[in-house]
Structures are given as C-alpha cells and as structure tokens.
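As structure tokens, the structure follows; a few thoughts come after it.
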Amino acid sequence: MDYQSIIDKYYPSENELRRILLLHSRQVADRCLKIAKAHPELRLDEEFLEEAAMLHDIGIFRCNAPSIQCFGTAPYICHGYIGGQILREEGFERHALVCERHTGTGLSREQIETRKLPLPLDRSYEPDVLEEQVVCYADKFYSKSHIEHERTVVETAQSLEKFGQEGVQKFLKWVDLFE
C-alpha cells in the first residue's frame, strides 16, 4: 500500500491542514515504530503500523474543526468513522478499522448511546488487535492543535480524565504494555 498516494488524493493542496495532518501522522507513526522495535515479543506488523498511523486521521477534512483548519460539516467526533468509510472505498478494511477505533481509548456502545454521539451503532469503535491498540495509544501523545508538543504519560492520562476513568485505566494498561 502507498499511504502517501491516498493522502495526496484527499489532501492535494499544500496548505495548513495537510501540514498538520502529515506532521501529526508522522509523530504517531514514529512512536508506533519505536514501540514495535522496543517490543519484538509483541510481533507487531511494522509495515501495517506505519500505514495505519499515517492514515488514521484521513477523515478530518470532512469535519468541522476550524482550530486545526478543518472546514467540513461533520462533527469532529465522526472523523474516525469517516476515515473508515474512505479507506474501505479504497479497499483497505484493516486500515479502516484503525480509523474507526482510535478515538479516545476507543468508544463503547454505552458511551455512544449515553453521550448521544452521532455514530452508527453497527460496528465496534474499540481497538481490538494489538496494532489498533498501538496506534490508538501513540495518538494520545500528540494533539493536532498543539502540534509541536509531545505529551508526557501524566499529561496524556490527565487529558483523558474528562472522558472518564475507564479510558484512563485502559491507557495506563497500555503504558505498562508498550513502554
């Protein structure tokens, strides 16, 4: 798979949104590859990790998040679902699942229903296989609105607190597994 050609297809213009997407995705990909190299016992698929990390936010351009130069119409919470649709249309089901499952530490059906999130309930939004978990985990250290800052483990855990302790606990388990 040539992830760059997919990025180029959906982000053809050299602009701030493309710059943010590429920088953020590279940060996430590099952290994923660092984890894979540090943990050969996990037998992570490094090629897939890099591709999935580079494409995990492919759907942001269709969302409304002006602070990161996204001027679409969908709520930002939908960017993973939208990215999943895009990558399925491109023929990449496994990569589509990463898009759908990287928000927060994953979204349970109960969270979607309780918070009335505008997401279809016909799929799982929780990272399942290790590669999905690694991309989800790595993504938590980098914000697209503060692109130059890499969060610490403590900062990342604190940033997840507003979504509930379940996500914080899942993140801390990943810290034990991936660090």
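Worth pointing out:
- Qualifying residue in segment 101-123 (condition: assigned to a helix (DSSP H, G or I), under 25 Å from D176 (Cα atoms), under 10 Å from the mean Cα position of the chain (by Cα) and modelled with pLDDT of 95 or more): yes
- Residues that are open to solvent by 10 Å² or more (accessible area, probe 1.4 Å) and in a loop (DSSP other than H, G, I, E, B) within segment 134-152 comprise K140, S143, K144, S145, H146, I147, E148, H149, R151, T152, listed in sequence order.
- Selection status of A52, in contact with a His (Cβ under 6 Å, 6 or more places away or on another chain), surrounded by 13 or more Cβ atoms within 10 Å (Cβ to Cβ) and modelled with pLDDT of 95 or more: yes
- A74 hydrophobic (A, V, I, L, M, F, W, C), within 15 Å of the chain's Cα centre (by Cα) and either buried (at least 17 other Cβ atoms within 10 Å of the Cβ) or over 26 Å from L117 (Cβ atoms) (or both): no
- Residue count, segment 2-36 (criterion: open to solvent by 30 Å² or more (accessible area, probe 1.4 Å) and not in a helix (DSSP H, G or I)): 5
- Qualifying positions in segment 37-76 - within 22 Å of E14 (Cβ to Cβ), hydrophobic (A, V, I, L, M, F, W, C) and outside any helix (DSSP H, G or I): C63, A65, C70, F71
- Residue in segment 77-96 that is in a loop (DSSP other than H, G, I, E, B) and touching a Phe, Trp or Tyr at 6+ places or on another chain (Cβ under 8 Å) present: no
The values are calculated or read from the model by the stated rules, or taken from the named source; none is laboratory data. Just so we're clear, the structure is a prediction, and the values are computed from it rather than from any experiment. Cβ: placed from backbone, ideal geometry, glycine included. Neighbour counts: every protein chain shown. Accessible surface areas use protein heavy atoms only, side chains included; no ligands, DNA or RNA. Shrake-Rupley method; radii C 1.70, N 1.55, O 1.52, S 1.80 Å.
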